[in-house]
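Beneath this line is the structure, given in C-alpha cells, with notes to follow.
The values are calculated or read from the model by the stated rules, or taken from the named source; none is laboratory data. Being a predicted model, the structure only gives us computed values, none of them experimental. Glycine also receives a Cβ, built like all others from the backbone with ideal geometry; neighbour counts cover every protein chain displayed.
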Amino acid sequence: MGRHNLGEYSRKQPRFLPPPRERGRAPVWSFKHLRSEPSPGRVGVDLDRTFSALSDPTRRAILEELATGEMTVGELAKPFSISLPAISKHLKVLEEAGLLKREKDGRMYRCVLDATQLIGPARWIARYSSLWREQLDELADYLKSEEKGGKSG
C-alpha cells in the first residue's frame, strides 16, 4: 500500500495565520493584548480569576504554605495526597491568577507567593464591610429585642 497525501489540513493542529497584507506592505503584528499590568477595564476579570483560584481548598493550602517563604514544587507537593501533575495544575492556575511566581533553578522550580494580586479583592470586600457591619448590628438589635420580649412574656 502506498502513502496517501491527505493535504496540509489533514492533521488537527492549530494554525497561526499572519494578519492580512495590505497592498504590498508587510504584515503588522500587534501585541497590545499582552500586558504585564491589568488595564483598569479588566478589574472584574482579575477579580474573577483571583476568586476562582482561591475557591479550591488545595490552592488555598498551597498559598498558606508559600506564605512561610519560597518553596520548590516538590516541597509544596509533600503535604498533599495528590500526584505531582495535579499539584502542577494547581500551581498553573495560581500562576495565571498572578498569586505566585515560578522561577527555574537548574532542574527545579521555585515558587514564591505574590500577594499583590490580593489587593484588588481585599479592596472589593472592604467596600461591602460597612454594609455587613450595619446588617449584623441590626440583627444583633433584633435578637436582643426578641430575647427581652421572650423573657417578659
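It is to be established whether one or more residues within the range 64-83 are within 24 Å of Leu47 (Cα to Cα) and touching a Gly at 6+ places or on another chain (Cβ under 8 Å).
No - not one qualifying residue is present in the range 64-83.
All but one of (1) farther than 22 Å from Arg123 by Cβ; (2) modelled with pLDDT of 90 or more; (3) of a type in the set (Lys, Arg) hold for Arg21; state the number of the condition that does not hold.
Going through the list (1) farther than 22 Å from Arg123 by Cβ; (2) modelled with pLDDT of 90 or more; (3) of a type in the set (Lys, Arg), Arg21 breaks only (2).
Okay, residues lined up against (1) assigned to a helix (DSSP H, G or I); (2) touching a helix residue (DSSP H, G or I) at 6+ places or on another chain (Cβ under 7 Å); (3) modelled with pLDDT of 90 or more:
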position	(1), (2), (3)
Gly98	no, yes, yes
Gln117	yes, yes, no
Ser129	yes, no, no
Arg133	yes, no, no
Glu146	yes, no, no
Gly150	yes, no, no
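Could you tell me how many of the residues in the range 89-112 are closer than 12 Å to Leu76 by Cα and surrounded by 18 or more Cβ atoms within 10 Å (Cβ to Cβ)?
Going through the range 89-112 one residue at a time, the tally reaches 3.
Go through the residues of the range 100-111 one by one and say whether even a single one is touching a helix residue (DSSP H, G or I) at 6+ places or on another chain (Cβ under 8 Å), on the phi > 0 side of the Ramachandran plot and either without any contact (Cβ under 8 Å) to a residue 24 or more places away in the chain or not polar (S, T, N, Q) (or both).
Within the range 100-111, not a single residue is touching a helix residue (DSSP H, G or I) at 6+ places or on another chain (Cβ under 8 Å), on the phi > 0 side of the Ramachandran plot and either without any contact (Cβ under 8 Å) to a residue 24 or more places away in the chain or not polar (S, T, N, Q) (or both).
So which residues in the range 27-72 are modelled with pLDDT of 60 or more, more than 12 Å from the chain's Cα centre (by Cα), acidic (Asp, Glu) and part of a loop (DSSP other than H, G, I, E, B)?
Across the range 27-72, the qualifying residue is only Glu70.
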